[in-house]
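Data block below; observations after.
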Amino acid sequence: MSGALPFGATIGIVGGGQLGRMSAMAAARLGYRCHILTPEPDAPASQVSAGVTLGPYDDEATLRAFATAVDVVTFEFENVSAAGLDILAALKPVRPSPAVLRVSQDRITEKCFINGAGVATGPWMSVYEHGQLAPAATQLGFPCVLKTTRLGYDGRGQAMLRGPEDLDPAWEKLAPKPLILEAFVDFACEASVVVARGADGTIAAFDTVENRHKHHILDTTLAPARISAEAASQAQSIARQLAQALDLVGLLAVEMFVAADGRVLVNELAPRPHNSGHWTMDACPASQFELHIRAVAGLPLPPATRHSDAVMKNLVGPDDMALWPHILATPGLIPHHYGKTEQRPGRKLGHVNRLFPKGGLPGDFGVQAALGPLNTA
Ligand code: AMP
């Protein structure tokens with residue numbers, strides 16, 4: 001694709017979840033239509049898009065029908081097969097490229113790529129056979145974390161190993177093989193950077209933010225992260241460096257650990273909009289979704305500036321959603337609903353942003369107080 005996608009053109013999004021929904025809403029603001037590929041009827045993204053191809057991601061006829069309906073393709077989740085994206089890439093431009101997706105789909109490939117780009121991760125070892133596990137654990141030391149290399153998310157597909165007695169049960173439980181064993185990183189906080197890179201190589205990185213999880217699911221993002229200026233700028237450089245090394249066109253989220261001594265170690269990559277970037281929808285002139293669409297459409301990338309500090313709180317499962325009427329009735333809370341009709345426990349159903357004057361992000365107590373009905377302190 002050369003030049004910018006013309007007004008009225010159709011962006012194909014593989015995946016029908018909330019990330020596709022919010023990307024499609026940003027695309028509409030820029031004058032584009034979106035067309036969703038999803039196996040799920042009435043998916044969150046389909047509800048706000050001009051068209052849908054309903055079918056499995058790995059079915060060639062479905063992929064071809066989808067490609068016919070669109071001008072450029074992007075994706076909103078990573079568990080789509082790279083082979084499927086290759087079929088699409090033969091028919092229409094795919095941004096980010098299938099090669100970028102391949103790196104992020106496999107934790108071993110991903111760690112090799114990150115380390116190969118000169119960026120630090122925690123110590124890790126690949127485990128292809130049962131016999132390799134005990135020696136790897138001896139080398140890395142306990143505690144350590146055993147993970148599947150593919151198809152894991154929100155803490156699924158991993159087990160904490162506290163001693164030798166945990167080795168066999170974890171090996172039995174985790175599938176598919178191979179696995180990866182990571183040293184446990186005793187982090188002071190988890191941070192992330194969402195970075196966009198345009199087709200012309202322009203890079204725009206949002207500020208480094210701090211992420212807090214509950215039950216392995218992102219609960220709250222604080223923007224900016226409450227970490228040293230040095231660690232925050234190290235995180236920025238890492239994100240830019242990885243976007244460049246990947247030859248990315250699109251969006252990349254880099255999840256990191258900030259160690260107690262200030263070292264920044266990369267945990268994983270996601271070449272798509274990311275939950276830890278949802279604060280940008282209200283605290284930045286151009287959100288992560290707008291930058292995603294701009295990069296995919298070949299539009300100029302504005303700087304990823306922040307006009308406010310922000311807290312993003314996820315709404316997970318029916319208990320959080322039961323607070324929706326109270327959220328709507330609380331001034332200052334900015335609600336985002338994903339349109340999901342089935343409200344299972346552990347499912348991300350929406351989020352809330354709360355803004356503060358730039359430089360005015362309060363401490364933990366103030367943050368909780370500002371969340372009103374969502375205050376869990
Ligand atoms: P992941 O699926 O790799 O993003 O892991 C989910 C969460 O588990 C992370 O956000 C961390 O809170 C925790 N975690 C994963 N790997 C490690 C590790 N090597 N050391 C410490 N905590 C980890």
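The values are calculated or read from the model by the stated rules, or taken from the named source; none is laboratory data. Note that this is a predicted model, so its numbers are computed, not measured. Neighbour counts run over all protein chains shown; Cβ positions are idealised from the backbone, glycine included. In case anyone asks, the SASA skips ligands and DNA or RNA and just uses the protein heavy atoms, side chains included. Shrake-Rupley method; radii C 1.70, N 1.55, O 1.52, S 1.80 Å.
If the convex hull of the alpha-carbon atoms of the range 306-358 is projected onto planes in all directions, what is the mean projected area in square nanometres?
If I average the Cα hull's projected area over directions, I get 3.9 nm².
Among the chymotrypsin sites (Phe, Trp or Tyr not before Pro) within the range 7-90, which fall in a DSSP loop and have no more than 13 other Cβ atoms within 10 Å of their own Cβ?
Sparse-neighbourhood loop chymotrypsin sites (Phe, Trp or Tyr not before Pro): Phe7.
Which residue fluctuates the most in the chain, going by a Gaussian network model with Cα springs under 10 Å, if the choices are Ala43, Ala232, Ala322?
Most flexible of the set in this elastic network: Ala322.
Run the count for the chain, please: Lys pairs, Cα-Cα under 20 angstrom, 8 or more apart or on different chains.
Eligible lysine pairs with Cα atoms under 20 Å apart amount to 11.
In whole Å, what are the extents of the range 65-105 along the principal axes defined by its C-alpha atoms, from largest to smallest?
Computed over the Cα atoms, the extents are 27, 17, 14 Å.
Just the number: Rg to Rh for the chain, Cα atoms, Kirkwood Rh, two decimals.
Checking Rg against Rh, the ratio lands at 0.96.
Carbon and sulfur: what percent of the range 188-308's accessible surface (1.4 Å probe)?
Percent of accessible area from carbon and sulfur atoms in the range 188-308: 50.
For every helix of n ≥ 4 consecutive DSSP H residues, a contribution of -39,500 (n - 2.57) applies; sum these over the chain, divide by its total residues, and give [θ] at 222 nm rounded to the nearest 500 deg cm²/dmol.
Theoretical 222 nm ellipticity from helices: -8000 deg cm²/dmol.
If you place +1 on the Cβ of every Lys and Arg and -1 on the Cβ of every Asp and Glu, how big does the dipole about the Cα centre of the range 1-97 come out, in debye to the nearest 20?
The calculation lands at about 440 debye.
Given +1 on the Cβ of Lys and Arg, -1 on the Cβ of Asp and Glu, and no further charges, what dipole in debye does the range 250-377 carry about its Cα centre, rounded to the nearest 20?
220
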